[in-house]
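Asks: Following this message is one structure expressed as structure tokens.
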């Protein structure tokens, strides 16, 4: 592969537009660019998660996911192109099943948190859900392959289970939500 990014700035985006992979230009705040940006943000968040100490098999899984997210972004950058396959979704389902089989059934809602790695997985999960919403919004106006949304939907589930798995692997339990829990320091009112 040649040097595709030999010059980083081009000044062509100074007018508020950006180029797609097919050579067309669109506004930087278009639905397609919002979707691409959300997938990019998700990929970056996975990089933050991978910066944590992780088991080797978890890091390998996340590296594969990052590559797939780059593929997904490439698909979005060329309208009509389909790169994501049912196999991408199936791979996530298999990883999800493996991780979930090691956990006790969840009977309560949990709060994001626990170990730093689990907390980072929860942030990635919430960013993944936002990326999924951006793709759904884009799909209302422009056709997308069904695998793109299915992939993000499954990935958010995987990141949830991964967060639980990372907590449990460090002998941390889930951080359970306690509905109606009193606020620390008592009630706040105008007299304080």
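Asks: Identify, by number, the condition in (1) out of contact with any helix residue (DSSP H, G or I) (no Cβ under 6 Å at 6 or more places or on another chain); (2) touching a residue at least 12 places away in the same chain (Cβ under 8 Å); (3) exposed (fewer than 15 other Cβ atoms within 10 Å of the Cβ) that residue 113 doesn't meet.
Replies: Of (1) out of contact with any helix residue (DSSP H, G or I) (no Cβ under 6 Å at 6 or more places or on another chain); (2) touching a residue at least 12 places away in the same chain (Cβ under 8 Å); (3) exposed (fewer than 15 other Cβ atoms within 10 Å of the Cβ), only one is false for residue 113: (1).
Asks: In the list 21, 13, which residue meets the criterion of being within 26 Å of the chain's Cα centre (by Cα) and modelled with pLDDT under 95?
Replies: 21
Asks: For segment 93-103, give me each residue that is in a helix (DSSP H, G or I) and in contact with a helix residue (DSSP H, G or I) (Cβ under 8 Å, 6 or more places away or on another chain).
Replies: The answer is 93, 95, 96, 99, 100.
Asks: In segment 67-92, which residues are in a helix (DSSP H, G or I), in contact with a helix residue (DSSP H, G or I) (Cβ under 7 Å, 6 or more places away or on another chain) and surrounded by 15 or more Cβ atoms within 10 Å (Cβ to Cβ)?
Replies: Those that are in a helix (DSSP H, G or I), in contact with a helix residue (DSSP H, G or I) (Cβ under 7 Å, 6 or more places away or on another chain) and surrounded by 15 or more Cβ atoms within 10 Å (Cβ to Cβ): 68, 69, 72, 73, 75, 76, 77, 88, 89, 92.
Asks: Inspect segment 86-109 for any residue being in contact (Cβ under 8 Å) with a residue 12 or more places away in the chain and in contact with a strand residue (DSSP E or B) (Cβ under 9 Å, 6 or more places away or on another chain) and give the result as yes or no.
Replies: Yes, that holds for at least one residue.
Asks: Sticking with this one: Given (1) under 18 Å from residue 50 (Cα atoms); (2) out of contact with any helix residue (DSSP H, G or I) (no Cβ under 6 Å at 6 or more places or on another chain); (3) at pLDDT 95 or above, where does residue 156 come up short, assuming only one miss?
Replies: Answer for residue 156: the failing condition is (2).
Asks: Just to check your reading of the model, which residue among 130, 164, 137 is assigned to a helix (DSSP H, G or I), out of contact with any helix residue (DSSP H, G or I) (no Cβ under 7 Å at 6 or more places or on another chain), farther than 20 Å from residue 90 by Cα and at pLDDT 95 or above?
Replies: One residue alone meets the criteria, 164.
The values are calculated or read from the model by the stated rules, or taken from the named source; none is laboratory data. Everything numeric in this text was worked out from a predicted model, so none of it was measured. Because the Cβ atoms are built from the backbone with ideal geometry, glycine has one as well, and the counts that use them run over all protein chains shown.
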